[in-house]
Amino acid sequence: QVQLVESGGGLVQPGGSLRLSCAASGFAFSMYAMSWYRQAPGKERELVASITNDGGSTTYADSVKGRFSISRDNAKKTLYLQMNSLKPEDTAVYHCQWYSRWGQGTQVIVSS
């Protein structure tokens with residue numbers, strides 16, 4: 001069974017940092033690119049970052065470029081999103097994605 005379980009969200013002050021994790025199971029994690037998406041109330045789901053299967057190439061939304069970093073540990077079958085210099089507009093539910101599969105999401109609240 002394919003499972004994607006996000007964790008690491010929470011409440012943080014503007015300028016702070018959080019590290020999100022996505023534990024994957026049920027498929028050959030190391031063979032696939034992975035992505036992080038987020039969705040805030042009243043807004044469309046936004047692609048935040050993507051990473052190739054070997055971690056050799058990453059892409060970022062303009063809104064997070066320079067602040068967020070996507071990475072992966074294939075041995076641990078875990079995807080990460082390091083979020084620095086957080087802004088209130090980063091508040092959203094963050095999901096990891098593999099094809100059409102989505103995790104349950106983890107809530108990030110950036111509050112002043």
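The values are calculated or read from the model by the stated rules, or taken from the named source; none is laboratory data. All figures in this text were calculated on a predicted structure; none of them were measured in a lab. All Cβ positions, even for glycine, are placed from backbone atoms using ideal geometry, and neighbour counts span all protein chains on display. In case anyone asks, the SASA skips ligands and DNA or RNA and just uses the protein heavy atoms, side chains included. Shrake-Rupley method; radii C 1.70, N 1.55, O 1.52, S 1.80 Å.
Of the numbered criteria (1) of a type in the set (Lys, Arg); (2) open to solvent by less than 60 Å² (accessible area, probe 1.4 Å); (3) under 27 Å from residue 28 (Cα atoms), the one residue 67 fails is (3).
Identify, please: which residue in the range 64-84 is more than 14 Å from the chain's Cα centre (by Cα) and not charged (D, E, K, R) and is, among those, farthest from residue 98 (Cα to Cα)? Restricting to residues being more than 14 Å from the chain's Cα centre (by Cα) and not charged (D, E, K, R), the top hit is 66. Every condition in (1) touching a residue at least 40 places away in the same chain (Cβ under 8 Å); (2) part of a loop (DSSP other than H, G, I, E, B); (3) open to solvent by 50 Å² or more (accessible area, probe 1.4 Å) is met by residue 107 except one, and the failing one is (2). Taking only pairs six or more apart or across chains, which ones have beta-carbon atoms under 9 Å, a first residue in the range 2-24 that is without any contact (Cβ under 8 Å) to a residue 40 or more places away in the chain and under 13 Å from residue 89 (Cα atoms), and a second residue that is surrounded by 14 or more Cβ atoms within 10 Å (Cβ to Cβ) and of a type outside the set (S, T, N, Q)? The qualifying pairs do not exist here.
Taking the conditions exactly as written (without any contact (Cβ under 8 Å) to a residue 24 or more places away in the chain, surrounded by 14 or more Cβ atoms within 10 Å (Cβ to Cβ) and of a type in the set (Gly, Ala, Ser)), does residue 57 satisfy them or not?
Details: without any contact (Cβ under 8 Å) to a residue 24 or more places away in the chain: yes; surrounded by 14 or more Cβ atoms within 10 Å (Cβ to Cβ): no; of a type in the set (Gly, Ala, Ser): yes.
Taking the combined requirement at face value, the residue does not satisfy it.
Check the range 66-88 and report whether any residue there is at pLDDT below 95 and small (Gly, Ala, Ser). Scanning the range 66-88, I find no residue that is at pLDDT below 95 and small (Gly, Ala, Ser), so the answer is no.
For the structure I just gave you, tell me whether residue 82 is closer than 25 Å to residue 2 by Cβ, in contact (Cβ under 8 Å) with a residue 12 or more places away in the chain and in a strand (DSSP E or B).
Numbers: closer than 25 Å to residue 2 by Cβ: yes; in contact (Cβ under 8 Å) with a residue 12 or more places away in the chain: yes; in a strand (DSSP E or B): yes.
Against the criterion (closer than 25 Å to residue 2 by Cβ, in contact (Cβ under 8 Å) with a residue 12 or more places away in the chain and in a strand (DSSP E or B)), residue 82 qualifies.
Criterion applied to 30, 63 was being assigned to a loop (DSSP other than H, G, I, E, B) and without any contact (Cβ under 8 Å) to a residue 60 or more places away in the chain, and the one residue passing it is 63. A search for C-beta distances below 8 Å between a residue of the range 38-49 that is farther than 16 Å from residue 62 by Cα and any residue that is surrounded by 10 or more Cβ atoms within 10 Å (Cβ to Cβ) and among the hydroxyl-bearing types (Ser, Thr, Tyr), counting only pairs 6+ apart in sequence or on different chains, returns 40/91. Scanning the range 1-43 for residues that are open to solvent by 50 Å² or more (accessible area, probe 1.4 Å), of a type in the set (S, T, N, Q) and within 11 Å of residue 80 (Cα to Cα) gives a single hit, 7.
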